[in-house]
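Visitor: Here it is, the structure in full.
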Amino acid sequence: MNTKTIAAYKIRNKARQEELVRICWQYADMRAELSALATSAPELDGMPRGTSIGDPVYAAAVRREKLAERVMAIERCARIAGGDCSQGLLIGVTTRGSSWEWLDMHGEIYCGRRQYYEMRAKFFYLLNLAL
């Protein structure tokens, strides 16, 4: 990629860019909640709960589906944008305060600085389209 292609991946709406970054920061929490929802079921003892009509099983299924969609979108966009460096890219976009220098220091990324930031721009562009 070159600087012309980086400009092509720019997200014009700054608020949307920040929203995508914050969604990515929640990646670990989403995976943990997804795992918890897969292994637990609401306790059904036949007693009424609250004053509204609701289906806790359905609500948990909807929440699980939404979380799974977001987690899969983040992982898929990282694979597409990152190629061989997709694992390092995934760590970089889901860890608050991480930079290429931080990833390189911890041995998480195996590409150059410019290449990493190009992949990162492409990742957020693809994620914007996916979500």
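The values are calculated or read from the model by the stated rules, or taken from the named source; none is laboratory data. As the structure is a prediction and not an experimental result, all values here were calculated from the model. So basically every Cβ, Gly included, is an ideal-geometry build from the backbone, and we count neighbours across all protein chains shown.
Visitor: So which residues in the stretch 42-76 are at pLDDT below 70 and among the acidic types (Asp, Glu), if there are any at all?
Guide: 43, 45
Visitor: Next question. Give all pairs with beta carbons closer than 7 Å in which a residue from the stretch 96-116 that is without any contact (Cβ under 8 Å) to a residue 40 or more places away in the chain meets a residue that is of a type outside the set (D, E, K, R) and part of a loop (DSSP other than H, G, I, E, B); count only pairs at least 6 apart in sequence or on separate chains.
Guide: Here the result reads 100/109; 103/109; 116/109, each pair linking the stretch 96-116 to a residue that is of a type outside the set (D, E, K, R) and part of a loop (DSSP other than H, G, I, E, B).
Visitor: From (1) of a type in the set (D, E, K, R); (2) within 19 Å of residue 9 (Cβ to Cβ); (3) at pLDDT below 90, pick out the condition that doesn't hold for residue 79.
Guide: Result: residue 79 fails condition (3) only.
Visitor: Does residue 38 satisfy the criteria of being within 21 Å of the chain's Cα centre (by Cα), farther than 29 Å from residue 125 by Cα, at pLDDT 80 or above and in a helix (DSSP H, G or I)?
Guide: In short, no.
Visitor: Within the stretch 73-89, work out how many residues are surrounded by 12 or more Cβ atoms within 10 Å (Cβ to Cβ) and without any contact (Cβ under 8 Å) to a residue 40 or more places away in the chain.
Guide: The total comes to 8.
Visitor: Any chance the stretch 97-104 includes a residue that's of a type outside the set (Phe, Trp, Tyr), in contact with a Leu (Cβ under 6 Å, 6 or more places away or on another chain) and outside any helix (DSSP H, G or I)?
Guide: no
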